[in-house]
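One structure is given here, and the rest of the page talks about it.
Bear in mind these aren't lab numbers, they're just calculated from the coordinates by the rules spelled out. These figures come from a predicted structure and were not determined experimentally. All Cβ positions, even for glycine, are placed from backbone atoms using ideal geometry, and neighbour counts span all protein chains on display.
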Amino acid sequence: MATKAVLRAYRFTLDPTPAQQQRLLRWCGNARLAFNFALAAKKQQAHEQWRAEVDALLEQGVPEAQARKTVRVPLPAKPGTQKAFQAARGVDRTGTAGVCPWWHEINTYVFQSAFADADRAWKNWLDSVKGVRAGRRVGYPRFKKRSRSRDSFRLHPSPPLPRQSNANGCAKHTA
């Protein structure tokens, strides 16, 4: 007989102390920084590669309007963006300057979810332009600003502990 998993969601109201509130705002700012870094990487790489391929077609004698329509450029995904961020972030413990030298003080999932959000924003825009996405048209992804975007970040839930059976056949958690 198949077992069914029950998923539950809970909503909590937070009442953080001033120190906790400062830390939460810092995590929100780093999520915004990571999103903007990923979006900038996508825009820059896509435009540079697209421009180079269009210029190559123009040199071959292809009309510019046709060259612009035929060029398709793959975009960097989360793993590539994450590697670029790791190379550019720096470390304040060793004195290495970079984009985000305090990264070790922030939960890694804050950055990972921001990279995934940037990928999702770009994909939604492309699907909207191509007509694949249902609903209203989605605008070109914009950089997040403190005044325009909601302060937010996501954390991934802890993975469930593996279950082992003891001698009686009862399941027990291992830690």
Please verify whether VAL91 is farther than 16 Å from PHE35 by Cα, among the hydrophobic types (A, V, I, L, M, F, W, C) and surrounded by 10 or more Cβ atoms within 10 Å (Cβ to Cβ), treating the condition exactly as stated. yes
Hits in the range 110-142 (condition: surrounded by 14 or more Cβ atoms within 10 Å (Cβ to Cβ) and aromatic (Phe, Trp, Tyr)): PHE111, PHE115, TRP122, TRP125
Read through the list (1) in contact (Cβ under 8 Å) with a residue 12 or more places away in the chain; (2) exposed (fewer than 14 other Cβ atoms within 10 Å of the Cβ); (3) not charged (D, E, K, R), then give the number of the only condition that ILE106 fails. (2)
Please specify each residue of the range 93-120 satisfying the condition of being of a type in the set (Phe, Trp, Tyr) and outside any helix (DSSP H, G or I). TRP102
At least 2 residues that are of a type outside the set (Lys, Arg) and in contact with a Phe, Trp or Tyr (Cβ under 8 Å, 6 or more places away or on another chain) in each: list the helices (runs of 4 or more DSSP H) lying fully within the range 12-92 that qualify. 18-59, 78-88
